[in-house]
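Everything below concerns the one structure shown next.
Readers should treat all values here as calculations from the given coordinates under stated rules, not as data from a laboratory. Fair warning: this is a prediction, and the values are worked out from it, not measured in the lab. We place every Cβ from the backbone using ideal geometry, glycine too, and count neighbours over all the protein chains shown.
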């Protein structure tokens, strides 16, 4: 539209209106055009035709919006209430220097943090390479054959290891042994996970292990109190009993210590946090998971593999995708999908930045500092344990504990409080001699003993094998090289910084810069999750205010911020329901009704919660079959525990029968779990807690603006009605922040390593809520629905649009049917890959219906970008028509050859369509053209020939020679 | 040849039964990329999950058609899972088992009945 002439008239224009000027894409004028195309008079009319009036919320969301400037001011004030100390608490969280080059080029770079999970490999080669580096680094350091591309946190990784051990072990025992040297939060999460699966947990010292009695065991190496010991004998005994050995470990320690693989371990887990990722009051950080080759197909989580593309060139992809819960459903042994991709990328870049020699030097520096600390304490007569340690020691202080902890705080330090008579101290790479002086002053000791390059563990525990021998870990480490490497990788990918990502069910909305800023501030990033509560008052204020707002948005009375992903939220919500049933003497209620259309994580989570899944059918229009639902609820009767309903449905429709489904469930004594994955269609319009639901998780990384980070972080807090509040997850280290469930002894156990999950990214969602205001959030929902209906209206002549509501409207996403083209030989894959040539990430493919594309534009996309997407899909439809009419065969068409690479462009052109058409279809930019670095990737080849680490390069064999310990650190 | 409703075929070979998946199932699964087989001498009951088959589209379980003991497995599938697609009724067999009771075979579908099922 042409700008009006600038004459002075007072206008109602607020340049600092974040919701309408920055977050929401279409301008008022564009919205008017879109409404006309949809065929409604106003946005309110559209909403009235889309959202059943019976479920609309009664009162609008109340709070006023903040401008970006005011938000940052508020954040500064809140940050100032947190107290930055040097935390030597350890227990799985350590200080680290985030290399500024990594902070600026990855953590604070939208090319990395706004990317989606790399399901479409052709537009994700950069982050796939970075994640492959992570896998290679982890496999090398642990001495195991394969590693995955991260898990949520160390404690959940340990719980996953337990269930995998149960699946893999030939032993028929029903117990799992947990070394008492494991971190308390790890023990707690394992116990939570074991309970519904009827696995008995035996906690004790390694000497107490009876290998015949267990299907597996986990040991911590080094132990939570610092012990370094060799578990080879225990592991051999476990193998003798056909049981599986798991070692929870620390990547930095493994640069100096004998690796778990050399002890015979089957599985190794841990956190990569101290590889350059700030503690962030609990996260997000990437946990790692590695195993022997023979177990790789049972490994949970996503795995990057190597395959070939259409030209036979090397190409990366996510391997074994079929194992993800959307396929295995109630037979799944894990519900992990979102992991911690962005943080795994950071940790892998930390590995590239330092290389094996640098990492070894850092490990030695930390170790020798700890050695000096121990010597000083021993010389002063203190009782220090253990004898063999890496970076952590325990000091017996008796009744003086409070005094020592206070003296430490006076020095700006946090020690770990252990029991009533000991303190623990863990050193890290940030600790220098000045800090060491302060640590000793807290014990009344003056001066630091001199550096000595001697090991504080037996020589036999020293690592002798090489690691990280691949050339990527040996590049020239000048920052100019590093910066360009990170840029090269991100340039290979399509993220939100280049184009709309219309993935249905994923809500790829704007992650605004102002929302992201605070997470890098030291007042938020450097807090240890188990620091004294009076040091985290800023976090408390932010979390409490976010909790209040989420309660207002959802109509629930309490929230738990612990779950680290949507799937973990589902699992935690079902555990909460189970704990409530148990409290009423109805622990026998196990049946969970789940519609066949549900997201695959639903049945997987129900299985993990020990529930019996009963599948409810769908009507031809995609709605839940109410008669079938009623019949199955009646059949379950007194055994009905819950139902899980996604709303709006996974088909993108506001079903009219939701209240009835809730009523039937409650009539039979069950609880309603409303999956909040599609909350972006409800905020401000519908409150789940008002329409009969008892529990929901919210995907903060969808609806509430946390970026997807290329496959994590995510957050899946759960909201509940008041009667369930006492049964929300608890945590052994609740940090004193009074929150629902944390203090109740009937709670449903810990589900995450940290009490508030990945606390630092909660700030993003809080900032989003503050800047949008109640009305802005509601307008965002309306526009999300408008954008989806606009696409449906413009495309329905070219592609059948499936599943509309009563009045012919879709919710916030629409499903385009491509099955009519199958007869001509054109597949949904062909269309998805052809969109890449147009510079777009494909919509969600073949879900919830095979052979369809599910499009979710979100409110953040402008009309111009949406029109470009429509243009691309209309042009693709014409290419399909040419195939249908026999002008060109499917095999010869640009659809099948998509995506087109620069290699294709410059090679001899033998195609049966013009070069111009192939490489520059109508949606593509001429100047800013996106070129995929590889042609179509061969999935079959990759899964049949599974390679999950960086392909070997012969020329770097010499790098494998590591000098002995003590060479790099000169005091 | 007999067929189960889970799209497995059973062929009697002496006192053993050879088990595989039907052409219809192999086509529906798409390119098979991995097969996990049971251990020889495993005792199984009807409906037990005895093998796993993964394709680029789906992961599914192969169920024991009846009670018995596994006596032989098709090792070739471990290195060449594509045999399931190339020759599902022949070289793509999964395992041989000795049934507790051969008479149960009468309960399974014959070819006509199976073809009607997959229509």
Q | Peptide A:872-884, shielding by other chains (average Cβ, 10 Å cutoff) | A | 0
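Applying 1/(1 + (r/R0)^6) with R0 = 45 Å to the Cβ-Cβ distance of residue A:210 and residue B:80, what FRET efficiency is obtained, to the nearest 0.05? All intermediate terms of the calculation are to be shown ahead of the outcome.
On the way: r = 42 Å, r/R0 = 0.93.
Efficiency for this residue pair is about 0.60.
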Q | Amide N proximity, the range A:629-648 versus residue A:723 label position 7 Å along Cα-to-Cβ, cut-off under 14 Å | A | A:641-643
Q: With runs of 4+ DSSP H residues as the only contributors, calculate the mean residue ellipticity of chain A at 222 nm using -39,500 (n - 2.57) per run, divided by the residue total and rounded to the nearest 500.
A: -10500 deg cm²/dmol
Q) If one takes the longest principal axis of the Cα atoms in chain A, at what angle in degrees, from 0 to 90 and to the nearest 10, does the Cα axis of helix A:154-168 lie? A) 80
Q. Nearest 10 degrees, 0 to 90: what angle lies between the long axis of helix A:479-491 and the longest principal axis of chain A (Cα atoms)?
A. 40
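For chain B, what is the calculated [θ] at 222 nm in deg cm²/dmol (nearest 500), taking -39500 (n - 2.57) for each run of four or more DSSP H residues and dividing by its residue count? Present the calculation step by step, with values, prior to reporting the outcome.
Working: 4 runs with 23 residues, N = 119.
Computed mean residue ellipticity for chain B: -4000 deg cm²/dmol.
Return a whole-number percent for the relative contact order of the range A:529-627, with Cα pairs under 8 Å and 6 or more residues apart as the contact set. List each step's numbers first, then the result.
On the way: 73 pairs, mean separation 18.8, N = 99.
Computed value for the range A:529-627: 19 percent relative contact order.
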Q. For residue A:145 and residue A:925, what is the calculated FRET efficiency with R₀ set at 60 Å and r taken between the beta-carbons, to the nearest 0.05?
A. 0.90
Q: Pairs of Cα atoms under 8 Å, at least six residues apart: use those to get the relative contact order of chain B, whole percent.
A: 31
Q | Average beta carbon contacts from partner chains per residue of B:22-32, 10 Å cutoff | A | 1
Q. What FRET efficiency, computed as 1/(1 + (r/R0)^6) with R0 = 25 Å and r the Cβ-Cβ distance, is obtained for residue B:27 and residue A:945, rounded to the nearest 0.05?
A. 0.65
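Would you mind calculating the relative contact order of chain A from Cα pairs under 8 angstrom and at least 6 residues apart, reporting the percent as a whole number? Let's see the in-between values first.
On the way: 2209 pairs, mean separation 190.0, N = 971.
Once divided by the residue count of chain A, the mean separation gives 20 percent.
Can you put A:468, B:109 in order of Cβ neighbours within 10 angstrom, beginning with the fewest?
Working: A:468 27, B:109 16.
Arranged by neighbour count, lowest to highest, A:468, B:109 become B:109, A:468.
Need the full-extension length gain, residue A:487 to residue A:548, defined as separation in residues times 0.36 nm minus the C-alpha distance. One decimal, nm. Mind showing how you got there, number by number?
Values: separation 61, 0.36 × 61 = 21.96 nm, distance 4.00 nm.
Taking 0.36 nm per residue and subtracting the Cα distance, the gain is 18.0 nm.
Among A:840, A:231, which comes first, second and so on when ranked by fewest other beta-carbon atoms within 10 Å?
Numbers: A:840 25, A:231 22.
With the fewest neighbours first, A:840, A:231 line up as A:231, A:840.
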Q) What is the distance in Å between the Cα centres of the range B:13-43 and the range A:820-891? A) 37
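Provide the gained length on full extension for the span residue A:64 to residue A:619, in nm with one decimal, where the gain is 0.36 nm per separating residue minus the Cα-Cα distance. Before the final figure, lay out the partial values.
Details: separation 555, 0.36 × 555 = 199.80 nm, distance 4.22 nm.
Here the answer is 195.6 nm.
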Q) For a paramagnetic label modelled at 7 Å from the Cα of residue A:421 toward its Cβ, which residues of the range A:363-391 fall within the zone defined by backbone nitrogen distances under 17 Å? A) A:382-386
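Can you tell me the equivalent ellipsoid semi-axes for the protein assembly as shown? Use √(5λ) from the Cα gyration tensor, largest first, whole Å. Walk me through the numbers on the way to the answer.
Working: eigenvalues 381, 280, 193 Å².
Gyration-tensor ellipsoid for the protein assembly as shown: 44, 37, 31 Å.
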Q. Under 14 Å from the 7 Å Cα→Cβ point of residue A:584, by amide nitrogen: which residues of the range A:713-727?
A. A:721-727
Q. With labels modelled as points extended 7 Å from the Cα through the Cβ direction, what inter-label distance (nm, one decimal) is found for residue A:383 paired with residue A:293?
A. 5.0
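Residues of A:939-945, mean number of Cβ from any other protein chain within 10 Å of their own Cβ, rounded to a whole number?
That average works out to 5.
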Q. Working from the pairwise distances between different alpha carbons, so that the mean of 1/r is found and then inverted, what is the range A:804-874's Kirkwood radius in Å?
A. 13.0
Q: State the Cα centre-to-centre distance between the range A:184-210 and the range A:220-277 in whole Å.
A: 17
Q | Per-residue Cβ neighbour rank within 10 angstrom, fewest leading, A:106, A:870 | A | A:870, A:106
Q. Which distance in Å, rounded to a whole number, links the C-alpha centroids of the range A:120-154 and the range A:326-389?
A. 17
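Kirkwood hydrodynamic radius for the range A:489-620: how many Å is it when counted over pairs of different Cα atoms?
Working: mean 1/r = 0.0529 Å⁻¹.
Across the range A:489-620, the inverse of the average 1/r is 18.9 Å.
Using 0.36 nm times the number of residues separating residue A:311 and residue A:497, minus their current alpha carbon distance, what extension gain do you get?
The residue A:311-residue A:497 span can extend by a further 64.1 nm.
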Q: Note the angle between two axes, namely the Cα long axis of helix A:125-142 and the longest principal axis of the Cα atoms of chain A, as a number of degrees from 0 to 90, rounded to the nearest 10.
A: 20
Q: Measure off 7 Å from each Cα along the Cα-to-Cβ vector at residue A:475 and residue B:46, then give the distance between these two points in nanometres to one decimal.
A: 6.1
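Output the direction-averaged projected area (hull surface divided by four) of the convex hull of the alpha-carbon atoms of chain B, in nm². Write down the numbers at each step before the final one.
Numbers: hull surface 26.1 nm².
Reported value for the Cα convex hull: 6.5 nm².
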**Q.** Approximate spin-label separation residue A:21-residue A:907, in nm, with each point projected 7 Å along Cα-to-Cβ
**A.** 5.1
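Based on the alpha-carbon set only, what is the convex hull volume of the range A:756-882 divided per residue, in Å³? Write down the numbers at each step before the final one.
Values: hull volume 18.7 nm³, N = 127.
Taking the convex hull of the Cα positions in the range A:756-882, it is 147 Å³ per residue.
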